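Take a look at the structure below.
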Amino acid sequence: MAVQAAAALLDELMGRYRNLAPSDKTKELNWEDPEFCKYYMVKFCPHDLFVNTRADLGTCPKVHDDEVKALFEKSNSYKKQTYEDEFIRFAQSMLNEVERKITKGKQRLALMSKSEPPSTISVAQTQKNDEQIKLLSEKINSLVNEAEAAGIEGNVEQAQGLMKLCDQLKEERETLKKQNDNSAWSQTAELAAAQEKQMEVCEVCGAFLIVGDAQSRIDDHLMGKQHVGYARLRSSLDEIMAARAKEREEKERRREEERKERSRRDDVSDRRRDRERERNTNTDRRHDENRHTIREYDRDRERDRERERDRDRERKRDDRVLKRRSHEREERERERDRNKKSRHDDRHHRRERSRESHRRRRD
């Protein structure tokens, strides 16, 4: 964090290209470059929400750039939806985690009033469990990324195997967390006093609150990083989903208007043909001597109209074929882009793991 802050300060004072030689060409900014944080461009980076808290995600390995974010917001590329999908998946996974925490907190409060405090474990064992939980969390995140990459590449069996292994590690991590939670429950005076004071679980961040507590403490909790962070995640996710729902409704409305306009034009055309047919009929009646010629003329006109309708149907069929081919071509391009991005992310993760293993060996 300190290094990034120093780099940001230097960028502000000396410019983004402070390290380039006078003869070097500056690189044009492109929001699709992998060095920029996708979450920050969509809304914000979740890594910045819980700094120095229990839910701290660590430092974001990507670059946060306001100019690149502005370029992303101005772009009309279809790839923006892919970035939003990744933000939605990441935010939803964090919210699912805190929902499980809220559920467990409520169950814990319900058990506190019915059972005796569980047996405790030593402080050394608690610290050892914390280290093991951290290692398991890193392994789980790595397996989830590998499973997503395998799923994108079409390796369904490999992805399922990785997810099963991930579930096993999650169960092991939950067991360690329960041991630490049981120890903290018996050792913490605040939770021990819960038998005398009525407590509740915050529906936003899962923290324990004392019912009827002082307003100052309630305000401190509401302004805390975890509460504000999870609330911001929920509001941003709801905002994105509402925008998408509105966009779908707008598309449906435009299609309905187009359908009504086509129906109106067809009605006008039918009335015009009816009037023309009526005029032809009146002409037939006024010119009985030329009835045969007029019938032939009508038949010719009808044949011409039929041919014109056939040509219209052929043109529409050709248009549908062209649209379908264009859509398939766009789908193939999107698939190539996703495969390219997946391979790039996989190489990036392998390099990150290799660097981490080198750092561990050096340590």
**Asked** Yes or no: SER115 open to solvent by less than 60 Å² (accessible area, probe 1.4 Å), closer than 15 Å to LEU176 by Cβ, at pLDDT below 90 and hydroxyl-bearing (Ser, Thr, Tyr)?
**Response** no
**Item:** Contacts under 9 angstrom Cβ, first residue in region 251-263 being free of Cβ contacts under 8 Å to residues at least 60 places away in the same chain, partner open to solvent by 100 Å² or more (accessible area, probe 1.4 Å), 6 or more apart
**Value:** none
**Request:** Test each condition in (1) over 37 Å from the mean Cα position of the chain (by Cα); (2) closer than 30 Å to ALA91 by Cα for LYS246 and report the one that comes out false.
**Result:** (1)
**Request:** Can you confirm whether region 30-44 contains a residue that is farther than 23 Å from LEU237 by Cβ, modelled with pLDDT under 90 and open to solvent by less than 50 Å² (accessible area, probe 1.4 Å)?
**Result:** yes
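Within region 78-89, how many residues turn out to be touching a residue at least 40 places away in the same chain (Cβ under 8 Å) and surrounded by fewer than 16 Cβ atoms within 10 Å (Cβ to Cβ)? Full working, then the answer.
Residues of region 78-89 touching a residue at least 40 places away in the same chain (Cβ under 8 Å): 78-79, 82-84, 86-88.
Among the residues that remain, those that are also surrounded by fewer than 16 Cβ atoms within 10 Å (Cβ to Cβ) are: 78-79, 82, 86.
Residues flagged as touching a residue at least 40 places away in the same chain (Cβ under 8 Å) and surrounded by fewer than 16 Cβ atoms within 10 Å (Cβ to Cβ) within region 78-89 amount to 4.
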**Asked** Just one of GLU203, GLU190, GLU157, GLU171 is open to solvent by 80 Å² or more (accessible area, probe 1.4 Å), at pLDDT 80 or above and part of a helix (DSSP H, G or I); which is it?
**Response** GLU171
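Give the residue, chosen from ASP288, ASP284, ASP319, ASP298, that is modelled with pLDDT of 80 or more, among the acidic types (Asp, Glu) and outside the structural domain of PRO61 (by the TED database).
ASP319
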**Message:** Whether any residue in region 270-282 is more than 25 Å from the chain's Cα centre (by Cα), open to solvent by less than 60 Å² (accessible area, probe 1.4 Å), farther than 30 Å from ASP298 by Cβ and not aliphatic (A, V, I, L, M) is what I want to check.
**Reply:** no
**Residue that is open to solvent by 70 Å² or more (accessible area, probe 1.4 Å) and in a helix (DSSP H, G or I), where the choices are ARG305, ARG317, ARG334** = ARG317
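Select, from GLU97, GLU146, the only residue that is modelled with pLDDT of 70 or more, assigned to a helix (DSSP H, G or I) and surrounded by fewer than 14 Cβ atoms within 10 Å (Cβ to Cβ). If you could, list the steps in order and put the result at the bottom.
Numbers: GLU146 fails: surrounded by fewer than 14 Cβ atoms within 10 Å (Cβ to Cβ).
Being modelled with pLDDT of 70 or more, assigned to a helix (DSSP H, G or I) and surrounded by fewer than 14 Cβ atoms within 10 Å (Cβ to Cβ) holds for just one of GLU97, GLU146, which is GLU97.
The values are calculated or read from the model by the stated rules, or taken from the named source; none is laboratory data. A quick note: this is a predicted structure, and the numbers were derived from the prediction, not measured. Don't worry about glycine lacking a Cβ; one is built from the backbone with ideal geometry, like all the others, and counts go over all protein chains shown. Side chains included, ligands, DNA and RNA excluded: accessible areas come from the protein's heavy atoms. Shrake-Rupley method; radii C 1.70, N 1.55, O 1.52, S 1.80 Å.
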